[in-house]
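Q: The structure follows.
What follows is calculated from the coordinates using simple rules that are stated; it is not laboratory data. The shown structure was predicted, so the numbers you read here are calculated from the model rather than taken from an experiment. All Cβ positions, glycine included, derive from the backbone under ideal geometry; neighbour counts span all protein chains shown.
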Amino acid sequence: MAEIHKLEVEYKVKCSADKFYALMTRDIHKLPKYAPKTIHNIQVLPGHCEVGVGSIVVWDYVQRVQGDKPTAVMAKVKITAMDHTNLSLTNTVLEGDLRNCYTSFAINLAITPIQRDGNYKSLVKWSVQYQKANKDVPDPTYFMKVLEVFTKELEANLLKEE
């Protein structure tokens, strides 16, 4: 059996945890407006706007693998877990570029409101669990960078509305 690996990152953000979570769930179709440099298109199948457990979401996004040259990629994911109380969400990648190198790939998001820590209102934690297709496949550190860029872009645009 292949070994399961895990990477985690977390960011303190100045925007509301509820607003960040709403954009990842109820208002997911608005993400290209709030993160246009990272997210080109979002499609929730079979045509609903709000996601729920079992929803299929197609992400067209930009990743920067080598240098600063952006590359457009796609991921078709299934929402496998959602917790509105704890503001958490898990996606399992079904198809797309990530599946070229990883036999399984799951993305977890947990957003925690925090007591005012300076100007920060929330802690955004991303983790990925994955199995490599073979031992030569690198860890997906580039994908963690995509999540960082996405988080910062989303935060900046959400703050314009607060």
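Q: Counting only trypsin sites (Lys or Arg not before Pro) that are in a DSSP loop and have at most 16 other C-beta atoms within 10 Å, tell me the longest site-free stretch of the chain.
A: Between exposed loop sites, the widest span is 38-134.
Q: With an 8 Å Cα cut-off and a minimum separation of 6 or more residues, compute the relative contact order for the chain in percent.
A: 28
Q: Of all GluC sites (Glu not before Pro) in the stretch 1-37, which ones are in loop regions per DSSP and have a Cβ with at most 16 other Cβ atoms within 10 Å?
A: For GluC sites (Glu not before Pro) across the stretch 1-37 that sit outside H, G, I, E and B with at most 16 neighbouring Cβ atoms in 10 Å, the list reads Glu3.
Q: Out of Met24, Phe105, Val128, whose Cα points farthest toward the positive end of the dipole of the stretch 4-160 (charges: +1 Lys, Arg; -1 Asp, Glu; placed on Cβ)?
A: Met24
Q: For the chain, take the longest principal axis of its alpha carbons; what is the angle in degrees between that and the long axis of helix 141-159, to the nearest 10 within 0 to 90?
A: 20
Q: Tell me, what HN-Hα J-couplings in whole Hz come from the Karplus equation 6.51 cos²θ - 1.76 cosθ + 1.60 at θ = phi - 60° for each residue of the stretch 91-97, using x for Gly and Pro?
A: Listing the rounded values in order: 10, 10, 6, 9, 9, x, 4 Hz.
Q: Further question on the same structure: For Lys160, give me every one of the lysines with a C-alpha distance below 26 angstrom, ignoring sequence neighbours fewer than eight places off in its own chain.
A: Those lysines meeting the cut-off are Lys12, Lys14, Lys19, Lys30, Lys33, Lys37, Lys121, Lys125, Lys145, Lys152.
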